[in-house]
Ligand code: SF4
Ligand code: F3S
């Protein structure tokens, strides 16, 4: 499955959801998670993310391995999002800031 990683937190651009053919993006307050049981590895979402936050689970950046299990866990409790919506007003300020995991809201 593909995995949403750290840089999505507080950026949440949502461009990714529009291209997913199986609607496996789930929306939380400041992050999106992919349901690994639904993802068919089509690769379409990866280049759509302006924050470059999406990776194949076998290729997540070093130190971000926890996001594999986190996507699975969070996707179970959050509703599906299929239409792009406005990013947070301060998304650009957070884009590229490392170590945002402590800021993840559930
Ligand atoms: Fe959806 Fe394809 Fe991305 Fe998986 S790889 S989350 S199926 S767009
Ligand atoms: Fe997050 Fe990128 Fe989608 S910032 S909401 S994974 S477009």
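We did not get these values from a lab; they are worked out from the coordinates using the rules stated. This is a predicted model, so every value here is computed, not measured. Please note: Cβ atoms are built from the backbone with ideal geometry, for glycine as well, and neighbour counts cover all protein chains shown.
Using just its DSSP H runs of length 4 or more, each adding -39500 (n - 2.57), the chain gives a mean residue ellipticity at 222 nm of -5000 deg cm²/dmol after division by all residues.
When you restrict to C-alpha pairs under 8 Å that are six or more residues apart and normalise by the size of the chain, the relative contact order lands at 46 percent. A crude spin-label estimate for the pair residue 76 and residue 62, with each label 7 Å from Cα along the Cβ direction, gives 3.2 nm.
Model label points for residue 22 and residue 103, set 7 angstrom from Cα along the Cα-to-Cβ axis, are 3.1 nm apart. Region 1-49 and region 77-105 have Cα centres lying 11 Å from one another. For the chain, the spherically averaged projection of the C-alpha convex hull amounts to 5.7 nm².
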